[in-house]
Structure formats: C-alpha cells, structure tokens
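> Starting off with a structure, shown below.
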Amino acid sequence: MTASAFSLSSLVAAESFELLSGDPMLGGLKGDTRHYFCRACLSWLYTIPPMATDLVNVRSGMLDDFEGHRPFAEFHLAEALPGMALGLERGYAASIDMAGFERLLADFAQSRADCA
C-alpha cells in the first residue's frame, strides 16, 4: 500500500490520537484492519489494528514532530527487497501473534524508560 521499499509507522495510544483536520476515508482491503486515507490525495494516513483497538498505527510521515521516533522493530523481512532491512534488534520475518506483540510493546516501553 505504500509503493515503496518501506512502510514506516508509529504506534500511538488511541486516547492520544487526534485528527486535526480533514475527513479521511476507509480504504485498503476493508477487512478487520481499518486503513484510513486522505480523500484528496489518497495517501495512507493511519490504521486501526483489530487486535489492539486502543492503539493507532500512524504513518510516521504524518507526524508534525518526528524527533525521538526512531524505529524499534521491523516486520515482514521475508518480503524485504535486498539490502532494505534496517538491521534493528527486533526483526521479524512476518507478522507476530498477539502474545508476541504484547511482549514487543513491553520491550518498547522498557527501552524508552531506560532512555529517560
């Protein structure tokens, strides 16, 4: 859905997410995962994942302030173009199950606490 070698997103708590303007439309595959797009340019803006509706997966390019948003994990490496993996500590060949996702979130929270 990105027409790129990368699909960079930032997970944010749904309670912290605020749409400042526009009227996004539902797009993508129209399954359990809800992808929202700009009506004017059809850019992918954000996603609400079915397994974690308290989170919003925001396309990182939509953030006003990207400072401090370094990548933490990369997924679907089995489909990566040659040389395109970032080599992050957390890398997965495909998606992960809910238990793995919960561990990943806990590891992420701990990594940010360690930086504070």
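> Relative contact order of the chain: what whole-number percent is it, with Cα pairs under 8 angstrom and at least 6 residues apart?
Details: 137 pairs, mean separation 23.0, N = 116.
Reported relative contact order: 20 percent.
> Quote the charge dipole size of the chain about the Cα centre in Debye, to the nearest 20; the model charges only the Cβ of Lys and Arg (+1) and of Asp and Glu (-1).
Working: 8 positive and 15 negative charges, 70 e Å.
Roughly 340 debye for the chain.
> Among (i) -1.00, -1.26, -1.52; (ii) -0.78, -0.94, -1.11; (iii) -0.87, -1.07, -1.28, only one was calculated for this model; which label is it, if the read-out is log10 I(q)/I(0) by the Debye sum over Cα atoms at q = 0.17, 0.19, 0.21 Å⁻¹?
Read-out taken from this structure: (i).
> Between Arg70 and Ala106, what is the label-to-label distance in nm when each label sits 7 Å out along the Cα-to-Cβ direction?
Using points 7 Å along Cα→Cβ, the separation is 2.4 nm.
> In a shell of Cβ-Cβ distance under 13 Å around Trp44, excluding Trp44 itself, what net charge do Lys and Arg (+1) and Asp and Glu (-1) give?
Numbers: positive: Arg34, Arg39, Arg59; negative: none.
So the environment of Trp44 carries a net charge of +3.
> Can you give the calculated 222 nm mean residue ellipticity of the chain, where each DSSP H run of n ≥ 4 adds -39,500 (n - 2.57) and the sum is split over every residue, rounded to the nearest 500 deg cm²/dmol?
On the way: 1 runs with 18 residues, N = 116.
It lands at -5500 deg cm²/dmol.
> Taking square-rooted eigenvalues a ≥ b ≥ c of the alpha carbon gyration tensor, is the range 1-54 rounded, prolate or oblate, where a/c under 1.5 means rounded and, failing that, a/b exceeding b/c means prolate? The partial results should precede the final answer.
Details: a/c = 1.38, a/b = 1.16, b/c = 1.19.
It comes out rounded by the Cα gyration axes.
> Is the shape of the range 75-116 best called rounded, prolate or oblate, per the rule: a/c under 1.5 gives rounded, else a/b larger than b/c gives prolate, else oblate, with a ≥ b ≥ c the square roots of the Cα gyration tensor eigenvalues?
Values: a/c = 5.14, a/b = 1.53, b/c = 3.35.
Taking the square roots of the gyration eigenvalues as a ≥ b ≥ c, the range 75-116 is oblate.
> Now for a different question. Can you give me the angle between helix 98-115 and the longest principal axis of the chain, using Cα atoms only, in degrees from 0 to 90, rounded to the nearest 10?
Compared with the principal axis, the helix lies near 80 degrees.
Bear in mind that the values in this text are calculations on the coordinates, not laboratory data. In this text, all values refer to a predicted model and were calculated from it rather than measured experimentally. Positions of Cβ are backbone-derived with ideal geometry, glycine not excepted, and every protein chain shown enters the neighbour counts.
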